[in-house]
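The values are calculated or read from the model by the stated rules, or taken from the named source; none is laboratory data. Values in this document were obtained by computation on a predicted structure and should not be read as measured data. In this analysis, Cβ positions are derived from the backbone assuming ideal geometry, glycine residues included, and neighbour counts consider all displayed protein chains. For accessibility, only protein heavy atoms count, side chains too; no ligands or nucleic acids. Shrake-Rupley method; radii C 1.70, N 1.55, O 1.52, S 1.80 Å.
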Amino acid sequence: MSSGEPLVYIDGRFVPKSEARISVYDHGFLYGDGVFEGIRAYNGVVFKLKEHIDRLYDSAKVLMIDIPMKKDEMIEAVLETIRRNGFKDCYIRLLVTRGVGDLGLDPRRCSNPSVIIIAEPLKPLLGKKAISVIISSIKRDRVDATSHQAKSLNYLNSILAKLEAINAGADDAILLDDRGFVSEATAANLFIVKEGKVATPPQTTGILPGITRGCVMEIVRRLGYPMEEREITPFELLTADEAFLTGTGYEIVPISEVNGRKLKEAPGPITKKVIEEFEKLKGDPENGVKVW
Ligand code: PMP
C-alpha cells in the first residue's frame, strides 16, 4: 500500500479511496442499473473467485450489460487490486455499472459500462454470536419481477425489510415469497434444521443462489445429514430446532429467535458442525484462487 489508504480499481486505473469517484450521470447511481459481487479472500486465497465471476457475468447477461473484459481479465483485475493493497484477508466489492448516460433511463444512451473493484481489509471473525430475526411484511421480489437471482445494484427490496427489522429491534429480517413461503434474509440465505434434517428454500422463492449456500449444502451432505432444497413455511421456521444464515459477508450465523420465538439451540449441534467444516475450506487453494 503506497499512500496509506486503500487503492480502488476504476476502469483500469488505481486511485486512492478518497479520490475514487464515478459520475452522478452513471445509471448505476441514477437507477441502480448495474450488477455486483461481494467476495472474500482468506489468507491470500480468493474464496470461490471463479464462481463469483461466473455469477457476475450471468447477472450482467440478464441486464444486457456487456462487460468490457473477458472473465480471465476480470479475475486478474481482482487479484491485482488485492496485490496492490497487500491484503491477505479482505472483502472485495466488484461492481459493473451501466455507465454514464443521460437523465432518461434508456440504457442505449450509456455506451461504456464501468468496472469498479474495492478491497477492504478484514480480520477473520471467529465465534460470531447468534442473531434475532423477524419475518418481514415485505415480500421477496418474484422470479418474474426484479428477481434477486440476478445480483443487481437495486437492493431496495432488502433495505425495506432491513428497516423493518431495525424498527422492531431485531438483527435481521427473513422475507417470504409472494405465496408466503420462506425465501431468504436481506443479504444471506437461510437454512433450517428439524429432527436431524436440513432444509433450504429453492430458487423458485426468489433467492439469490448463494455461493456460501452451495458450499454449505455440500458440507451437510458430506456430514451425512439429509439435505433438502424445498419450500419452507413460516410455521416450519418458527418451530425449527436450529436455523442459520449463510453468505459471503455473514459466513454462517446462527439464528436464536424468530418473531420472539426462541429456537431450541443457537448454535445447535448441526450448525456447529457445519461452521467447523466451513472454517476448514477458508484459505485452502482448492477452494479459490491464490493472490500471489
Ligand atoms: N442473498 C442475497 C440477497 C445476498 O445479497 C447474498 C450476499 N451476496 C446472499 C444471499 C448470499 O450469497 P453468497 O453466499 O454468494 O454471498
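Among the residues of the stretch 230-249, not one is among the polar types (S, T, N, Q) and either in a helix (DSSP H, G or I) or not assigned by TED's automatic domain parsing to the domain that holds K194 (or both).
Residue-by-condition table, conditions (1) assigned by TED's automatic domain parsing to the domain that holds E251; (2) surrounded by fewer than 20 Cβ atoms within 10 Å (Cβ to Cβ); (3) touching a residue at least 60 places away in the same chain (Cβ under 8 Å); (4) basic (K, R):
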{"site": "E76", "(1), (2), (3), (4)": "no, yes, no, no"}
{"site": "R83", "(1), (2), (3), (4)": "no, yes, yes, yes"}
{"site": "Y91", "(1), (2), (3), (4)": "no, yes, yes, no"}
{"site": "T97", "(1), (2), (3), (4)": "no, no, yes, no"}
{"site": "L103", "(1), (2), (3), (4)": "no, yes, yes, no"}
{"site": "R108", "(1), (2), (3), (4)": "no, yes, no, yes"}
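I want to confirm something. Restricting to the stretch 200-236 and keeping residues that are more than 16 Å from the ligand (Cβ to nearest atom) and farther than 22 Å from K280 by Cα, which single residue is surrounded by the fewest Cβ atoms within 10 Å (Cβ to Cβ)? Step by step, filter the stretch 200-236, then rank; the result is F235. Here V198 passes the criteria (1) in contact with a helix residue (DSSP H, G or I) (Cβ under 8 Å, 6 or more places away or on another chain); (2) assigned to a loop (DSSP other than H, G, I, E, B) except the one numbered (2).
Beta carbons closer than 7 Å, at least 6 apart along the sequence or on distinct chains, pair a first residue in the stretch 3-22 that is over 13 Å from R84 (Cβ atoms) with a second that is of a type in the set (D, E) for S18/E5. If you go through the stretch 7-64 one residue at a time, how many are closer than 17 Å to V96 by Cβ, within 16 Å of the ligand (Cβ to nearest atom), open to solvent by less than 80 Å² (accessible area, probe 1.4 Å) and of a type in the set (V, I, T)? Adding up the residues that qualify gives 3.
Hey, any hits in the stretch 258-274 for a residue that's touching a His at 6+ places or on another chain (Cβ under 9 Å), open to solvent by 20 Å² or more (accessible area, probe 1.4 Å) and either not in a helix (DSSP H, G or I) or not charged (D, E, K, R) (or both)? No - not one qualifying residue is present in the stretch 258-274. Within the stretch 135-152, is there a residue that is open to solvent by less than 70 Å² (accessible area, probe 1.4 Å), within 30 Å of P269 (Cα to Cα) and in contact with a Lys or Arg (Cβ under 9 Å, 6 or more places away or on another chain)? Among the residues of the stretch 135-152, at least one is open to solvent by less than 70 Å² (accessible area, probe 1.4 Å), within 30 Å of P269 (Cα to Cα) and in contact with a Lys or Arg (Cβ under 9 Å, 6 or more places away or on another chain), which makes the answer yes.
Here's the yes/no breakdown for (1) charged (D, E, K, R); (2) modelled with pLDDT of 95 or more; (3) within 20 Å of I252 (Cα to Cα); (4) under 17 Å from the mean Cα position of the chain (by Cα):
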{"residue": "K128", "(1), (2), (3), (4)": "yes, no, yes, no"}
{"residue": "S132", "(1), (2), (3), (4)": "no, yes, yes, no"}
{"residue": "N154", "(1), (2), (3), (4)": "no, yes, no, yes"}
{"residue": "I166", "(1), (2), (3), (4)": "no, yes, no, no"}
{"residue": "E184", "(1), (2), (3), (4)": "yes, yes, yes, yes"}
{"residue": "T200", "(1), (2), (3), (4)": "no, yes, yes, yes"}
{"residue": "I219", "(1), (2), (3), (4)": "no, yes, yes, no"}
{"residue": "M227", "(1), (2), (3), (4)": "no, yes, yes, no"}
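Can you spot a residue in the stretch 132-150 that is touching a Ser or Thr at 6+ places or on another chain (Cβ under 6 Å), outside any loop (DSSP other than H, G, I, E, B) and of a type outside the set (G, A, S)? Scanning the stretch 132-150 turns up no residue that is touching a Ser or Thr at 6+ places or on another chain (Cβ under 6 Å), outside any loop (DSSP other than H, G, I, E, B) and of a type outside the set (G, A, S).
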